[in-house]
Amino acid sequence: MHKRTTGLLMMLVVLCMMAPVFAGGSQEAVETDSDQIEIALIIKATDSGFWQKVIEGGRAYDTEHDDVNVTIYGPASEADIEESIGILENVVESGPDAIVIASNAGEGAVPAVDKALSMGIPVITVDTRIPTNVTSHLATDNVLGGKLAAEAMVKHLDLNGIKKNGTVAIVAAVAGVDTIIERDNGFIDRLRVLAPEITILEPRYVANDIAKSMTTAEDMITTYDDLIGIYADNNHTGDGVARAIEQAGLQDEVIVVAFDDDEDEIIALRDGVIKTLIIQDQFNMGYAGCANAVKAVRGATLPSFIDTGVKVTEKEDL
């Protein structure tokens with residue numbers, strides 16, 4: 001009995017001596033995990049080539065940095081506002097180290113963003129502002145992009161010998177989104193200066209739907225006999241407008257200028273249906289968004305706005 005008790009005591013002593021070793025190993029694993037910076041990259045839609053390039057940028061940053069893990073979130077369509085808000089709320093609850101987000105939710109996203117910031121989670125908005133104070137905003141200078149689109153339209157009206165006394169229409173993606181408002185206002189203001197005799201129609205919103213963009217353009221073609229140009233303010237509107245113009249055979253009578261550069265838009269540019277594309281650097285939005293999120297996590301103070309760039313692209317540039 002005495003020997004058995006002594007043996008048990010010796011086993012306890014050995015286990016106690018080994019405990020710090022196990023604890024040290026466990027602590028080391030925890031420290032390794034805590035060194036991994038978790039970034040949530042939330043995009044507006046997974047059904048768009050534009051946002052796929054933002055994802056590529058985020059993944060490229062992840063691949064190049066072993067101490068960073070980028071997780072992608074987003075609804076299927078830009079029109080899924082309620083779903084996008086729900087995704088954001090769930091992400092905040094999961095407690096990532098930083099959030100990089102493009103959202104159409106506007107005021108609807110504010111409570112979750114404010115909560116994240118109150119939890120010490122940096123929030124970087126890309127492409128579209130959310131109407132609250134965030135850590136930093138990365139985007140195209142959309143006013144400048146709109147102005148460049150107006151200049152391109154006037155240039156091609158002249159090149160095609162079209163008199164600048166007709167009607168120009170705007171097929172707009174989504175109502176109430178500052179990105180769209182800025183680029184449309186930039187276009188309108190600059191066109192009024194360059195060609196004041198042109199009648200500019202109020203933007204027609206199509207819920208970022210390609211089919212609706214096409215039917216809206218078809219309606220404009222039949223309604224306005226003096227239609228000389230259509231400005232499409234993103235990739236889905238550009239796709240729809242290009243299809244309508246091509247089917248009507250009006251590519252040299254109605255000048256189309258569009259934002260972005262998905263595959264169908266590039267084909268339309270190559271074929272002369274779209275005359276100019278205003279191309280954003282969406283890859284950089286994803287890459288630089290994550291890079292600046294890491295800087296914020298590590299205590300850096302970021303500029304309130306970072307311009308990700310814009311480029312005017314025409315057929316010969318291809």
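Residue check: is Thr199 under 16 Å from Ala244 (Cβ atoms) and either surrounded by fewer than 17 Cβ atoms within 10 Å (Cβ to Cβ) or at pLDDT below 95 (or both)?
The answer is no for Thr199.
If you take the residues in region 57-100 that are within 12 Å of the chain's Cα centre (by Cα) and part of a helix (DSSP H, G or I), which one is surrounded by the most Cβ atoms within 10 Å (Cβ to Cβ)? Quick ask: steps written out before the conclusion?
Narrowing region 57-100 to residues within 12 Å of the chain's Cα centre (by Cα): 57-58, 74, 78, 100.
Applying the additional criterion that residues be part of a helix (DSSP H, G or I) yields 57-58.
Numbers: Gly57: 25, Gly58: 29.
This residue is Gly58.
A quick yes/no check of all residues on (1) more than 20 Å from Trp51 (Cα to Cα); (2) free of Cβ contacts under 8 Å to residues at least 60 places away in the same chain; (3) assigned to a loop (DSSP other than H, G, I, E, B); (4) out of contact with any strand residue (DSSP E or B) (no Cβ under 8 Å at 6 or more places or on another chain):
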| position | (1), (2), (3), (4) |
| --- | --- |
| Met153 | yes, no, no, no |
| His156 | yes, no, no, no |
| Gly176 | no, no, yes, yes |
| Ile180 | no, yes, no, no |
| Arg183 | no, no, no, no |
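The values are calculated or read from the model by the stated rules, or taken from the named source; none is laboratory data. Here the structure is a predicted model, which means the values were calculated and not measured. FYI the Cβ positions are ideal-geometry reconstructions off the backbone, even for glycines, and counts take in every protein chain you see.
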